[in-house]
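S.K.: Dropping a structure here in structure tokens format, bear with me for questions.
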Amino acid sequence: MKDKYDVIVVGAGPAGSSVATTAAKAGLDVLLIEKRQEIGDPVRCAEGADKEGIKRHIKPDPRWIAAEVKGSRIFAPDGTKLQISEELFGAEVGYVLERKIFDRALAEQAVSSGAEVIVKTRATGLIRKNKQITGIHACSIGELVDVKARIVVGADGVESKVGRWAGIDTTLAPKDIETCAQFLVSGIEVDEYCQFYLGNNIAPGGYAWVFPKGRGMANVGIGVLGSRSDKGMPVKLLSKFVKHHFPKGKIIEMVLGAVPASGPIEKTIADGLMLVGDSARQSDPLTGGGILNALDAGVMAGTVVASCIEKDDVSEKALMEYERQWRETIGKKIRKALVVKEKLVTLTDEQFNTLAQSIKGECDSTMGVFDIVLALFRANPKLLWEFRNLIK
Amino acid sequence: MTVTVNRYKCGYCGACVSVCPRAALELVETWIEINNACNDCNTCVNICPIGAIESVKE
Ligand SMILES: Cc1cc2nc3c(=O)[nH]c(=O)nc-3n(C[C@H](O)[C@H](O)[C@H](O)COP(=O)(O)OP(=O)(O)OC[C@H]3O[C@@H](n4cnc5c(N)ncnc54)[C@H](O)[C@@H]3O)c2cc1C
Ligand code: SF4
Ligand code: SF4
């Protein structure tokens, strides 16, 4: 580790590796630090992602593709089934990844682009000169170190501290987070569809999912809206769900985690600092998908970092370009998703059932998310009046 | 400090850290540290997916 870099990226998830790759390719001196000793482990993800989206960032490799899916099914509380093409969950299905390997492959890509990666190194605070952020304090394999940089990028995930240190309050209110548990279940029969189960007894304010992982395995998980959770609820509900749906399944891995579901936050930049990925709360509030948004925002951030350093201006004003780009793209999508989420979490099981039944006949496997919303709207003008703005 | 984390139960997922209004929690590799900014609001207790956080009555 040197004592000065152009850019320090905190956190080697998809967001951090994407920023590091982009900035290093532009010729900058980049340090990417990760507090864990193994990148990507433990996993905190259901591992579903849109194929085309992933291909924009990395060449597909069978080592990190666990399965490919054709589409998804949604089950209303009464069992009414809707089957839809893979676009329904936006960017969330297509591949089911092996994130332990995928995240490391992304970090390898950063390294081969010229970035330096250091693991078991945790940022513990920011160095400031006047208002300007000029580096980080860190604990690297037990040693306290200070490292300087022109720009610090917080890509430190859901538990992000970097933003808070810089005065950007990224604390999530319980209503703005999905708290999740997932088991990797083996010895079961699953086909090439992702399945989603809705219902207030199954997953209050969230949903349960089954994502095939190939060879008779699936990621079976549950997300509960934070404001409707109580102590240990996700694991309790998941155990019940698995017992009911996969009585013969064997649990061979356990995943815990949380996804931001707040929609766009007010601010993701400061003088000499930017936030990317889950730390910038860029995940989709409806589906909980965040891999692709993290990767895409990483490229935007890396590109803006490079041009700002070239112009020798890393002020908040100069970094506005990043803010503008991600709000225009990711921001718009997640704002719409938030409107839908805020409605869905208010529905009773009966309303879910009515909605699902109302479009059952029209729903075929070629419908995408937009067609579904349209069909729902046509069939339920009263219930879904709030969605009219999305359809325009 | 009025909450404790059962580190034998904790799955070091960081969910609790993201909701703590006092920034009193920190995920250090595989365990949670609590500093004395905690004001016993119990938000983290209900968010923890596995119920590893106990609120301690003093
Ligand atoms: C149960 C669950 C299921 C999900 N399913 C899906 C899905 O199917 N599809 C999808 O697209 N998304 C899914 N998500 C969301 C997805 O996992 C995240 O959106 C994605 O990982 C965000 O990437 P990131 O790089 O921003 O953050 P992360 O992947 O969380 O990476 C952040 C990294 O920063 C490190 N870090 C944190 N603090 C520090 C520090 N101080 N110093 C150094 N390093 C630090 C962390 O250790 C971590 O490695 C799911 C999430 C959960 C919890
Ligand atoms: S009880 Fe409240 S203040 Fe204390 S650690 Fe939990 S969330 Fe933070
Ligand atoms: S939410 Fe629970 S399992 Fe996750 S890090 Fe906090 S105490 Fe541990």
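No lab work stands behind these numbers, since they all come straight from the coordinates. Just so you know, these numbers come straight off a predicted model, no measurement behind them. We place every Cβ from the backbone using ideal geometry, glycine too, and count neighbours over all the protein chains shown.
S.K.: Step through the table entries A:175/A:231; A:35/A:100; A:120/B:9, compare each Cα-Cα distance with 18 Å, and write down the pairs that go over it.
M.R.: Table pairs above 18 Å Cα-Cα are A:120/B:9.
S.K.: Whole-Hz ³J(HN,Hα) for each residue in the range A:70-76, computed from phi via Karplus 6.51 cos²θ - 1.76 cosθ + 1.60 with θ = phi - 60°, x for glycine and proline: what do you get?
M.R.: 8, x, 9, 10, 10, 10, 6
S.K.: Against the longest principal axis of chain A, how steep is helix A:291-310, in degrees 0 to 90 to the nearest 10, with axes from Cα atoms?
M.R.: 20
S.K.: Using only Cα atoms, tell me the angle between helix A:99-112 and the longest principal axis of chain A; keep it within 0 to 90° and round to the nearest 10.
M.R.: So the helix axis and the longest Cα principal axis differ by about 30 degrees.
S.K.: If you don't mind, another one. Extension gain residue A:41-residue A:118, at 0.36 nm per residue separation less the Cα-Cα distance, in nm?
M.R.: 26.2 nm
S.K.: Cut-off is 10 Å between beta-carbons; in what order do A:222, A:58, A:33 appear when sorted fewest neighbours first?
M.R.: Fewest-to-most Cβ neighbours within 10 Å comes out as A:58, A:33, A:222.
S.K.: Rounded to whole Å, give me the distance from the Cα center of the range A:158-207 to that of the range A:1-76.
M.R.: Cα centres, the range A:158-207 to the range A:1-76: 19 Å.
S.K.: Which order do peptides A:137-145, A:296-304 fall in by mean Cβ count within 10 Å, highest first?
M.R.: Result, highest mean first: A:296-304, A:137-145.
S.K.: Summing Lys, Arg as +1 and Asp, Glu as -1, what charge do residues with Cβ under 11 Å from the Cβ of residue A:170 carry, residue A:170 excluded?
M.R.: -2
S.K.: For chain B, what does the helix formula give at 222 nm: sum of -39500 (n - 2.57) over DSSP H segments with n ≥ 4, over the residue count, nearest 500 deg cm²/dmol?
M.R.: Helix contribution divided over all residues of chain B: -3500 deg cm²/dmol.
S.K.: Expressed as cubic angstrom per residue, what is the convex hull volume of the alpha carbon set of the range A:1-123?
M.R.: 117
S.K.: Could you work out [θ]222 nm for chain A from helices alone, using -39500 (n - 2.57) per DSSP H run of at least four and dividing by all its residues? Round to the nearest 500 deg cm²/dmol.
M.R.: Taken over chain A, the calculation gives -9000 deg cm²/dmol.
S.K.: What FRET efficiency, computed as 1/(1 + (r/R0)^6) with R0 = 60 Å and r the Cβ-Cβ distance, is obtained for residue A:131 and residue A:189, rounded to the nearest 0.05?
M.R.: 0.50
S.K.: Could I ask something else about it? For peptide A:169-179, how many partner chain Cβ atoms fall within 10 Å of a residue's Cβ, on average?
M.R.: Mean inter-chain Cβ contacts per residue within 10 Å come to 4.
S.K.: In what sequence do A:2, A:341 fall when counting other Cβ within 10 Å, fewest first?
M.R.: A:2, A:341
S.K.: Another question about this same structure. Thinking of the protein assembly as shown as a set of Cα atoms, what percent of all their pairs are more than 31 Å apart?
M.R.: Percentage above 31 Å: 39.
S.K.: Roughly how many debye, to the nearest 20, is the charge dipole of chain A about its Cα centre, given +1 on each Lys and Arg Cβ, -1 on each Asp and Glu Cβ, and no other charges?
M.R.: Using only the charged Cβ atoms, the result is roughly 540 debye.
S.K.: Sorted from fewest to most neighbouring beta carbons within 10 Å, what does the list A:169, B:40, A:278, A:50 look like?
M.R.: A:169, B:40, A:50, A:278
S.K.: Report relative contact order for the range B:4-54 in percent, whole number only (criteria: Cα-Cα under 8 Å, sequence separation at least 6).
M.R.: Value for the range B:4-54: 45 percent.
S.K.: In degrees between 0 and 90, to the nearest 10, how far off the longest principal axis of chain A does helix A:233-245 point, with axes built from Cα atoms?
M.R.: 40
S.K.: Which value in Å is the Kirkwood Rh of the range B:4-54 over different Cα pairs?
M.R.: 10.6 Å is the Kirkwood radius here.
S.K.: Taking every residue in B:18-27, how many Cβ atoms of other protein chains lie within 10 Å of its Cβ, on average?
M.R.: 6
S.K.: What's the center-to-center distance, using Cα atoms, between the range B:8-26 and the range A:290-327 in Å?
M.R.: Taking the Cα centre of each part, the range B:8-26 and the range A:290-327 sit 28 Å apart.
S.K.: Tell me, what ³J(HN,Hα) does each residue in the range A:137-153 have, in order and in whole Hz, if you take phi through Karplus 6.51 cos²θ - 1.76 cosθ + 1.60 with θ = phi - 60° and put x for Gly and Pro?
M.R.: 8, 8, 10, 10, 6, x, 9, 7, 9, 10, 10, 9, 7, 6, 9, 10, 10
S.K.: Counting only other chains, and only Cβ atoms inside 10 Å, what mean value do you get across the residues of A:26-36?
M.R.: If you average over the peptide's residues, the count of other-chain Cβ atoms is 1.
S.K.: Another question, if that's okay. Please turn the phi angles of the range A:38-46 into ³J(HN,Hα) values with the Karplus equation 6.51 cos²θ - 1.76 cosθ + 1.60 (θ = phi - 60°), one per residue in order, whole Hz, x for glycine and proline.
M.R.: 10, 5, x, 10, x, 6, 10, 6, 8
S.K.: Can you tally the net charge around residue B:9? Count Lys and Arg as +1, Asp and Glu as -1, for every other residue whose Cβ sits under 12 Å from the Cβ of residue B:9.
M.R.: Cβ neighbours under 12 Å give a net charge of +1.
S.K.: Note down the net charge around residue B:21, summing +1 for each Lys or Arg and -1 for each Asp or Glu among other residues with Cβ under 13 Å from its Cβ.
M.R.: Overall, the nearby charge balance is -1.
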